[in-house]
Amino acid sequence: MKKAEAMRQMYECMRLQRKSRWTIKAYSEWLEKYINFLSGCHAETVEEKLGQFLTRIVTQDNVAAATQKQALCAIIYFYKRVLKMELGDISFLRSRRPARLPEVFSRQEVWRVLDRLDGEGWLWGAFMYGCGLRLEETCQLRVKDIDLDRRMVMVREGKGDKDRTVPLPALLVEPLRKHLRKLEDVHAGFAARRVPVSLPGRLDKKYPNAPYSWEWFWLFPAAGPCKDPKWGGHLYHIHKTAVQKRIRRAILAAKIAKKAGCHTFRHSFATHWLENAEGNHEIALKRLQELLGHKDVKTTMLYLHLLPKPQDMASPLDSRSAA
């Protein structure tokens, strides 16, 4: 099979399985690198070829353990789903995953950052910290996803293509009301010019008026419709890089000496939520798992390592006054 045909079939298979565009992009890039590697590979079996490729990206490209695992998943997906081949044992040098804890803001640092944001910027940070949303989930919110009366936020098509609901903090209700009142004028302007918003799947064919309706309008729309003809002049949500840059500027202005960004708000939400939780930690972890949209509770358990430990022994450095 030629390279172009393999890439095309891989793309179509992932689209049929409703993989996210980020997964499609990453898997396609790894398949292309693997096909290029095969042109100079002299191994006999498929398993040997794949093993050599996975070893090479560690020894020569020095990729992380998660990156190597992503490459393995992408190529196995191609063989199993596209070529309908079952692979045997694969021998390769595995990259070791170091034990790393995420960076977390203190409660005071969170407010130092938020105090340096205003308007939409404050709302972005408040959603990520107050609801534990990912950056992409914040950008993709629509008007219909916000229930101010019940104080609920519906997260649509989160990581793993899963929906979930999270509570809306009381402090967000009034700023959101003001934001929605301003947003009505923005929506009216685009609707009058017949600028459609992008909809998931083929909903725009099923409901022709939905792209111009208020409920489907983005909570944080882009400044204007996409100019690229292949996207049909649709209006998309604000680009995540715009959010990242603004949040990063606020972190620098707050003079916080940490490797922090948008996702640090989510880590801080999980850590501070556990600190506030009372009773059985096992029950609290299951609830936090639901709020964060984690597939495995083991991922959520990482935040237990960030909780303050009871200090039953004083440090020797603090004992000078008693000497």
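The values are calculated or read from the model by the stated rules, or taken from the named source; none is laboratory data. What you are looking at is a predicted structure, and each value in this text was computed from that prediction instead of being measured. When we count neighbours, we look across all protein chains shown, and the Cβ atoms used for this are built from the backbone with ideal geometry, even at glycine.
Answer yes or no: is there a residue in segment 150-173 that is among the polar types (S, T, N, Q) and touching a residue at least 12 places away in the same chain (Cβ under 8 Å). Scanning segment 150-173 turns up at least one residue that is among the polar types (S, T, N, Q) and touching a residue at least 12 places away in the same chain (Cβ under 8 Å).
Scanning segment 38-50 for residues that are in a helix (DSSP H, G or I) and within 15 Å of Ala4 (Cα to Cα) turns up just one, Leu38.
Of all residues in segment 1-31, those satisfying the criterion of being surrounded by fewer than 15 Cβ atoms within 10 Å (Cβ to Cβ) and part of a helix (DSSP H, G or I) are Lys3, Ala4, Glu5, Arg8, Glu12, Arg15, Leu16, Arg21, Trp22, Lys25, Glu29. Among residues that are surrounded by fewer than 13 Cβ atoms within 10 Å (Cβ to Cβ), outside the structural domain of Arg18 (by TED's automatic domain parsing) and more than 20 Å from Ala260 (Cβ to Cβ), Lys178 is included.
Would you mind finding the one in Leu252, Leu199 that is part of a helix (DSSP H, G or I) and either out of contact with any Asp or Glu (no Cβ under 6 Å at 6 or more places or on another chain) or crowded, with 19+ Cβ neighbours inside 10 Å (or both)? Step by step, each of Leu252, Leu199 is checked, and only Leu252 is part of a helix (DSSP H, G or I) and either out of contact with any Asp or Glu (no Cβ under 6 Å at 6 or more places or on another chain) or crowded, with 19+ Cβ neighbours inside 10 Å (or both). Residue-level check: of (1) among the aliphatic types (A, V, I, L, M); (2) farther than 20 Å from Lys144 by Cβ; (3) part of a loop (DSSP other than H, G, I, E, B), Leu274 misses just (3).
When Asn36 is tested against the conditions (1) exposed (fewer than 15 other Cβ atoms within 10 Å of the Cβ); (2) within 30 Å of Glu157 (Cα to Cα); (3) at pLDDT 90 or above, the lone failure is (2).
Just one of the listed residues (Val186, Val173, Val155) is surrounded by 16 or more Cβ atoms within 10 Å (Cβ to Cβ) and under 29 Å from Arg249 (Cα atoms), namely Val155. Would you point out which residue out of Arg21, Arg56, Arg8 is of a type in the set (Lys, Arg), free of Cβ contacts under 8 Å to residues at least 24 places away in the same chain, outside the structural domain of Lys159 (by TED's automatic domain parsing) and under 22 Å from Gly160 (Cα atoms)? So the residue among Arg21, Arg56, Arg8 that is of a type in the set (Lys, Arg), free of Cβ contacts under 8 Å to residues at least 24 places away in the same chain, outside the structural domain of Lys159 (by TED's automatic domain parsing) and under 22 Å from Gly160 (Cα atoms) is Arg21. Set side by side, the residues His267, His239 differ, and just one is within 15 Å of the chain's Cα centre (by Cα), farther than 13 Å from Tyr129 by Cβ and touching a residue at least 60 places away in the same chain (Cβ under 8 Å), which is His239. For His281, indicate whether it is touching a helix residue (DSSP H, G or I) at 6+ places or on another chain (Cβ under 8 Å), surrounded by 10 or more Cβ atoms within 10 Å (Cβ to Cβ) and more than 21 Å from Trp124 (Cβ to Cβ). Yes; evaluated as a whole, the condition is true for this residue. Taken over segment 202-236, the criterion of being touching a residue at least 60 places away in the same chain (Cβ under 8 Å) and either surrounded by 14 or more Cβ atoms within 10 Å (Cβ to Cβ) or not in a loop (DSSP other than H, G, I, E, B) (or both) is satisfied by Trp214, Trp216, Phe217, Trp218, Leu219, Phe220. The condition of being free of Cβ contacts under 8 Å to residues at least 60 places away in the same chain, surrounded by 15 or more Cβ atoms within 10 Å (Cβ to Cβ), out of contact with any His (no Cβ under 9 Å at 6 or more places or on another chain) and not assigned by TED's automatic domain parsing to the domain that holds Arg249 holds for Phe92.
When segment 51-91 is filtered for residues that are part of a helix (DSSP H, G or I), of a type in the set (Lys, Arg) and within 24 Å of Glu5 (Cβ to Cβ), the ones remaining, listed by number, are Lys80, Arg81. The requirement of being out of contact with any strand residue (DSSP E or B) (no Cβ under 7 Å at 6 or more places or on another chain), of a type in the set (Ser, Thr, Tyr), surrounded by 16 or more Cβ atoms within 10 Å (Cβ to Cβ) and in a helix (DSSP H, G or I) is satisfied by Thr300.
Yes/no per residue for (1) surrounded by fewer than 17 Cβ atoms within 10 Å (Cβ to Cβ); (2) in the same structural domain as Trp22 (by TED's automatic domain parsing):
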site	(1), (2)
Ala66	yes, yes
Cys73	yes, yes
Ile76	yes, yes
Val104	no, no
Gln108	yes, no
